[in-house]
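Remarks on the structure that follows.
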Amino acid sequence: MKKKKLSTKSKIQIISDTNSKSLKIKNLISRKIEDSPKIKPNIVIVIGGDGFMLQTLKKNKNSKKFFYGINSGNYGFLMNKFSSKNILQNLFKAKMITISPLEMTVKNKNNQMKKYLAINEVSILRQSRQAASLSIEYGRKKIIKKLVADGVLVSTPAGSTAYNLSVHGPILSLNSKKLSISPISPFRPRRWRGKIVGDKSKIVIKNLNPSKRPISSVADNIEVRNAKNIFVQTNKKIKFNLLYDKNRSLQKKIKIEQLRRETS
């Protein structure tokens with residue numbers, strides 16, 4: 001993870017969701033930056049919600065650009081609050097956070113391989129009324145021989161306050177170099193609360209009964225159905241550069257959620 005101040009010598013691009021609120025913000029910002037210096041095309045303003053930001057980052061996975069999100073959705077954890085008055089000032093004083101995504105590789109029941117990136121989490125979900133029956137390995141270690149549950153979640157630090165938090169998973173610091181493995185409504189063993197592991201080795205999740213208990217595997221919001229084996233590992237060759245307002249960094253947002261959890 002790297003942090004540094006952004007140079008003011010940048011060209012600004014704007015990518016917007018198609019809803020009316022996003023387009024209105026886009027028009028306002030476009031007028032603001034018309035007179036700003038335009039040198040290198042390395043800054044992208046992304047207007048929308050968290051889902052739109054995730055989609056935009058994945059489309060630009062080989063880019064070395066800096067992405068500054070402006071929230072026009074509901075929660076917008078990955079985004080910044082819009083300020084028409086201070087947008088240029090906030091942008092050029094923004095701090096950078098570099099994160100790497102998970103790479104999900106899935107073998108389905110027909111032995112076809114599918115591969116997708118996940119910035120927040122990979123979720124394994126039951127596909128029918130039957131609970132999933134799973135085994136989980138980390139590197140050469142067997143984490144759990146048989147988990148009967150609605151599913152299991154593998155979360156990055158950046159995604160640990162999203163779906164992971166909703167299933168009572170731990171909140172991870174951005175610089176922890178850890179991943180969270182959290183069960184979703186575990187039935188057997190009921191007391192298993194998951195495990196925190198390092199981000200260096202591969203996590204292997206196997207469906208122990210694919211014919212009777214089918215499962216799907218989801219990378220953020222991209223689903224692969226009838227999964228048989230799922231392999232999850234941090235892809236450190238891919239790095240996303242996210243920009244945050246000086247007083248509202250992603251690290252601070254995570255710490256706020258940790259405090260809320262401890263006091264709730």
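The values are calculated or read from the model by the stated rules, or taken from the named source; none is laboratory data. Just so it is clear, the model here is predicted, and its values are computed rather than measured. We place every Cβ from the backbone using ideal geometry, glycine too, and count neighbours over all the protein chains shown.
Some notes on this structure:
- Of residues in the stretch 27-48 being at pLDDT 75 or above and surrounded by fewer than 18 Cβ atoms within 10 Å (Cβ to Cβ), the one nearest to residue 95 (Cα to Cα): 42
- The stretch 131-146 - residue that is in a loop (DSSP other than H, G, I, E, B) and out of contact with any strand residue (DSSP E or B) (no Cβ under 6 Å at 6 or more places or on another chain) and, of those, surrounded by the fewest Cβ atoms within 10 Å (Cβ to Cβ): 140
- When each of 107, 95, 85 is tested for being among the basic types (Lys, Arg), loosely packed, with under 15 Cβ neighbours inside 10 Å and either free of Cβ contacts under 8 Å to residues at least 12 places away in the same chain or more than 22 Å from residue 189 (Cβ to Cβ) (or both), the lone residue that passes is 85.
- Subset of the stretch 55-82 [polar (S, T, N, Q), part of a loop (DSSP other than H, G, I, E, B) and crowded, with 21+ Cβ neighbours inside 10 Å]: 72
- The stretch 135-153, residues that are of a type in the set (Ser, Thr, Tyr) and under 22 Å from the mean Cα position of the chain (by Cα): 138
- The strands (runs of 3 or more DSSP E) located wholly in the stretch 174-264 that include 1 or more residues which are surrounded by fewer than 18 Cβ atoms within 10 Å (Cβ to Cβ) and of a type in the set (Asp, Glu) occupy 222-224.
- Condition check for residue 151: modelled with pLDDT of 95 or more, in contact with a His (Cβ under 9 Å, 6 or more places away or on another chain) and assigned by TED's automatic domain parsing to the domain that holds residue 209: no
- Set side by side, the residues 158, 149 differ, and just one is crowded, with 18+ Cβ neighbours inside 10 Å, assigned to a loop (DSSP other than H, G, I, E, B), among the small types (Gly, Ala, Ser) and in contact (Cβ under 8 Å) with a residue 12 or more places away in the chain, which is 158.
- Taken over the stretch 8-18, the residue count meeting the criterion of being at pLDDT 85 or above, surrounded by 15 or more Cβ atoms within 10 Å (Cβ to Cβ) and part of a loop (DSSP other than H, G, I, E, B) is 1.
- Every condition in (1) farther than 21 Å from residue 212 by Cβ; (2) at pLDDT 95 or above; (3) small (Gly, Ala, Ser) is met by residue 139 except one, and the failing one is (2).
- Against the test of being assigned by TED's automatic domain parsing to the domain that holds residue 188, surrounded by fewer than 16 Cβ atoms within 10 Å (Cβ to Cβ) and over 15 Å from residue 204 (Cβ atoms), the options 123, 128 yield a single qualifying residue, 128.
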